[in-house]
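Working notes for the structure below.
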Amino acid sequence: MTDLKQLIENTDGISDYKINEKRTLSTELFFVGRKLETARNTDVSDVSVTVYVDHDGARGESAFAVLKSMSEKEISEKLRAAVKRANLVFNKPYEIPSGGKEEYAADSSMKNYDGEELAEKIAEAVFSADTYENGSLNATEIFVYDETVKVRNGKGVDKTSNSVRAMIETIPTWTTEKISVELYEALNFTEFSAEEITEEINSKMKEVRDRRTAVKPSAGVIDVVLRPKETEELMETLLYGLSYGAVYSHSNVFKKGDKVQKEIKGDPLTVTVKAKIKGSRYSADFDEDGFTLKDKKIIDRGEVVGYYGSYRFGQYLGENESDVTGNVKCIEVDGGSLDEKKDLNRYLECVSLSGIQVDEYNDYIGGEIRLAYLHEGEKVTPVTGISMSGSLSAALGKIRLSAERTAREKYFGPTKVLLPDMNIV
């Protein structure tokens, strides 16, 4: 890395630079059924260089990958070519972050294990759920990653972070004499709990069982309950238009002071972008620019109170540096008043959607439902082959949020979210 910095600093025309490096040590297990077919360890390093060139009152940038096989001569040629490309880019001028040397280590229970030991424990937890006569885990892949991320730039930034995460990919399958049904499941986590892994895989075994017997219900209007996966997608869509980049490019529907919930008949919506959520692989201390991440409330009780995003676009909007968040990835949503036992009677609980569809411009929310549970008092029926749709503004105005919250991927918020009066076809 020292040689690389010297090569950059000795190249004419470069105004600033950034070096990103990620080293990933992995332990990987591949199963067919319960049989371990392949086990391997990998050591992969990815290095990229971004050069910034100030010219003609503008700032251009260009990036390229640096391979271990490259000689100094080849890297120098890449640098000169990057300078030429950057001279063809006319961005509004901006500064890159400045700073010093900092090191971070993620707080994770998985750091107490070596990769092979942890992968074996995860496998045991997964197969503890493989107990059904007609059900099985057709294929399972387990990955444990030890990642070190570094960012260095020409303004003195030299930041390093280390983290451990794991991923499970598995295919729960339910087979009878006439039909076989499969589902795909991917779990990502940074905290190890054998009980939670077994519980999650067990729930997927039940879902693939129910998918086989699911029926198509009659069309109509019904309350729909979302689980965290779809709620995360909904909140991401609402937040996307409130990023500095979206506001700068005028692609936002809402701005500061606007009411996302114009008339609140349900629970008020409060959403905060977060640098870290315990258990999330998206948690970070700094972003790809080396800018220290900050938490920030974006929606407060239904009203837009702030924007978020990268240091560059924060500058474009004239934000104070102390208020800029950096490229935060995690989302926290406050809980509400929804009580499942008291407030829910006849409703559709979505288990698997093709992806929730949100269109702020056309005031639409909907999605194709692959599996859901129709609750009618004590009666629960698996259903499939339907779609839901409704008015986004009406849904947000009447949305109900459970007080109980859970963490999933980049989301920490209500475990259940109720969208009243959705159309089902």
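The values are calculated or read from the model by the stated rules, or taken from the named source; none is laboratory data. Please read these numbers as outputs of a predicted model, since none were measured by experiment. For neighbour counting, all protein chains shown are included, and Cβ atoms are generated from backbone atoms with ideal geometry for every residue, glycine included.
Filter region 168-192 down to the residues that are among the polar types (S, T, N, Q) and closer than 15 Å to I142 by Cα, then identify the one that is surrounded by the fewest Cβ atoms within 10 Å (Cβ to Cβ).
Per the stated criteria, the residue is N188.
Wholly within region 334-425, which strands (runs of 3 or more DSSP E) include no fewer than the required count, namely at least 2 residues that are out of contact with any helix residue (DSSP H, G or I) (no Cβ under 8 Å at 6 or more places or on another chain) and buried (at least 19 other Cβ atoms within 10 Å of the Cβ)?
So the answer is 346-353, 364-376, 386-391.
State all residues of region 1-35 that are under 30 Å from Y113 (Cα atoms) and without any contact (Cβ under 8 Å) to a residue 60 or more places away in the chain; if no residue qualifies, say none.
Correct list: K35 only.
A65 - would you say it is in contact with a strand residue (DSSP E or B) (Cβ under 7 Å, 6 or more places away or on another chain), within 30 Å of T175 (Cβ to Cβ) and not in a loop (DSSP other than H, G, I, E, B)?
In short, no.
Tally the residues that are under 25 Å from the mean Cα position of the chain (by Cα), among the β-branched types (V, I, T) and surrounded by fewer than 17 Cβ atoms within 10 Å (Cβ to Cβ), restricting the search to region 28-54.
Final tally of qualifying residues: 2.
Hey, among the residues in region 318-333 that are of a type in the set (D, E) and buried (at least 17 other Cβ atoms within 10 Å of the Cβ), which one's nearest to A395 (Cα to Cα)?
Going through the qualifying residues, I end up with E332.
Would you point out which residue out of L293, L348 is farther than 22 Å from V417 by Cβ and touching a strand residue (DSSP E or B) at 6+ places or on another chain (Cβ under 8 Å)?
The match here is L293.
Exactly one of these conditions fails for I201: (1) β-branched (V, I, T); (2) over 30 Å from G326 (Cβ atoms); (3) not assigned by TED's automatic domain parsing to the domain that holds K92. Give me its number.
So I201 meets the others, but not (3).
Condition check ((1) in a helix (DSSP H, G or I); (2) in contact with a Lys or Arg (Cβ under 7 Å, 6 or more places away or on another chain); (3) at pLDDT below 95) across all residues:
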| site | (1), (2), (3) |
| --- | --- |
| E61 | no, no, no |
| E77 | yes, no, no |
| V83 | yes, no, no |
| V89 | no, no, no |
| P97 | no, yes, no |
| E103 | no, no, no |
| E120 | yes, no, no |
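Pull up region 239-287, narrow it to residues that are of a type in the set (V, I, T), assigned to a loop (DSSP other than H, G, I, E, B) and over 20 Å from the mean Cα position of the chain (by Cα), then point me to the one that is farthest from L317 (Cα to Cα).
Per the stated criteria, the residue is I264.
So how many residues does region 208-238 have that are closer than 18 Å to M388 by Cβ and either free of Cβ contacts under 8 Å to residues at least 12 places away in the same chain or over 23 Å from the mean Cα position of the chain (by Cα) (or both)?
12
Could you run through region 355-372 and say how many residues are under 25 Å from R211 (Cα atoms) and in contact with a Ser or Thr (Cβ under 9 Å, 6 or more places away or on another chain)?
The total comes to 10.
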